Amino acid sequence: MRILQLGGTGFLGHHLARTALDLGHEVTLFHRGRAQPAPFPQDEPRLDHLIGDRDPRDPSKLGGLAALGTDRTWDAVIDTSGFVPRIVGASAELLAGRCSRYLFTSSVSVYALPMPTAADEDAPVATIEDETDEVIGANYGALKALSEDRVRAVFGDRALVVRPGLIVGPGDPTDRFSYWPAAAARGGRLLCPGSPHDPAHVIDARDLARWMVRLVEEDIGGTYNAAGPSQHFSMGELVEASVAGAGTRAEPTWVPATFLEAHGVSPWADMPCWIPPGHEAAGMCTVNITRAAGTGLACRPLAETARDTLAWLATELPTRETPSLRAGLPPERAAELLATWDAESKTRA
């Protein structure tokens, strides 16, 4: 197949392009040329780079969409870099007559809050009063939902929308999942939030990429939640897999959400991958993936993801200006909280 990828030098995009090339497809990457170091060999015979910026409002930005030309065609488009409806719509309209299938990478964040437990693809999505508001940080989910609508309006039954959960694995620039195998690798006691029964949902970028390429290979349309590694997954299993992947004897210590809140420890940011039950966004960790599983979505053991993430971190961290993780509690803060928890437990006893 000839696949055009909008974006592709970052995290998921890189895994998608690498997977497609490994499976024998030809890949055209449309990107801004900012990724360093270059993630692909310059002499890759089935890889073509087009440099541009997707924002059609300002063509002076790397020539806008001009590099896509007017007559080149592809079998499928995989859009990994669309966040604003206006920009996504412009790309879809330009490519409508030049490809058979348009895959838009959305997010489970599209669902309206409070998000229901086990939400399927028909659950209500977030809305925004002013649809011209393009502030991504404040309106991420609603803008993704509107972007989905733009693709469907142009491509109809040829539209394919994938809504991933938290994407993890080697190359993840957020370090949200990476925090857990890295913390487990230090050994000793491991501060863990809430209960081991609290839900969690992550998906290895490599598994997501292989499945997405399979969808376009088989010319499948529709909308799909994409999370894993199973329909029902827990923080306990995530921590256990992180310890197994690290190969240490780290000892999880589960601390109640009330204690963490009282000591200023926030879900997701300080305790990555965790949203406490009862939180309006807790449904992000329980989305229904039955439809995706029916099309072949399968996930490797999470311990393998943890092991491979640690191996990647070993080479990644020394290259950073600040060689530390970008998410989670610093080790000294986690140790301080454990000491406080121990002291308070003795007092209660």
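Annotations
- Breaking point among (1) of a type in the set (A, V, I, L, M, F, W, C); (2) closer than 22 Å to residue 110 by Cα; (3) without any contact (Cβ under 8 Å) to a residue 60 or more places away in the chain, for residue 202: (3)
- Residue count for segment 182-203 satisfying the condition of being in contact with an Asp or Glu (Cβ under 9 Å, 6 or more places away or on another chain) and under 15 Å from residue 246 (Cα atoms): 5.
- For segment 317-334, a tally of residues being within 21 Å of residue 248 (Cα to Cα), in contact (Cβ under 8 Å) with a residue 24 or more places away in the chain and open to solvent by 40 Å² or more (accessible area, probe 1.4 Å) returns 2.
- Test for residue 300: is it among the basic types (Lys, Arg), closer than 17 Å to residue 232 by Cα, modelled with pLDDT of 95 or more and part of a helix (DSSP H, G or I): no
- Boolean, residue 155 is closer than 24 Å to residue 74 by Cβ, assigned to a helix (DSSP H, G or I) and not basic (Lys, Arg): yes
- Test: residue in segment 72-83 that is in a strand (DSSP E or B), within 26 Å of residue 221 (Cα to Cα) and out of contact with any Leu (no Cβ under 7 Å at 6 or more places or on another chain): no
- Residues of segment 78-108 that are of a type in the set (Ser, Thr, Tyr) and more than 18 Å from the chain's Cα centre (by Cα): 91, 100, 102.
- Checklist (1) more than 21 Å from residue 141 (Cα to Cα); (2) of a type in the set (Gly, Ala, Ser); (3) touching a helix residue (DSSP H, G or I) at 6+ places or on another chain (Cβ under 9 Å) applied to residue 200, failing item: (1)
- The number of residues in segment 2-27 being on the phi > 0 side of the Ramachandran plot and of a type in the set (A, V, I, L, M) comes to 0.
- The set of residues from segment 177-229 being open to solvent by less than 10 Å² (accessible area, probe 1.4 Å), under 22 Å from residue 157 (Cα atoms) and in a loop (DSSP other than H, G, I, E, B) is empty.
- Among the candidates 88, 27, residue that is in contact (Cβ under 8 Å) with a residue 40 or more places away in the chain, outside any loop (DSSP other than H, G, I, E, B) and either under 21 Å from residue 160 (Cα atoms) or not aliphatic (A, V, I, L, M) (or both): 88
- Filter pass, residue 102 being open to solvent by less than 40 Å² (accessible area, probe 1.4 Å) and more than 25 Å from residue 233 (Cβ to Cβ): yes
- Helices (runs of 4 or more DSSP H) (entirely within segment 232-294) containing at least 3 residues that are out of contact with any strand residue (DSSP E or B) (no Cβ under 8 Å at 6 or more places or on another chain), open to solvent by 60 Å² or more (accessible area, probe 1.4 Å) and over 15 Å from residue 166 (Cβ atoms): 257-262
- Consider segment 1-58 and keep the residues that are of a type in the set (S, T, N, Q) and either within 21 Å of the chain's Cα centre (by Cα) or within 14 Å of residue 212 (Cα to Cα) (or both). The one that is most open to solvent (accessible area, probe 1.4 Å) is 36.
- Only one entry in 59, 39 is free of Cβ contacts under 8 Å to residues at least 12 places away in the same chain, part of a loop (DSSP other than H, G, I, E, B) and of a type outside the set (Val, Ile, Thr), namely 59.
The values are calculated or read from the model by the stated rules, or taken from the named source; none is laboratory data. All values derive from a computational prediction rather than experimental measurement. With ideal geometry, Cβ positions are generated from the backbone for all residues, glycine too; neighbour counts draw on all protein chains shown. Just the protein is used for accessible areas: all its heavy atoms, side chains included, with ligands, DNA and RNA removed. Shrake-Rupley method; radii C 1.70, N 1.55, O 1.52, S 1.80 Å.
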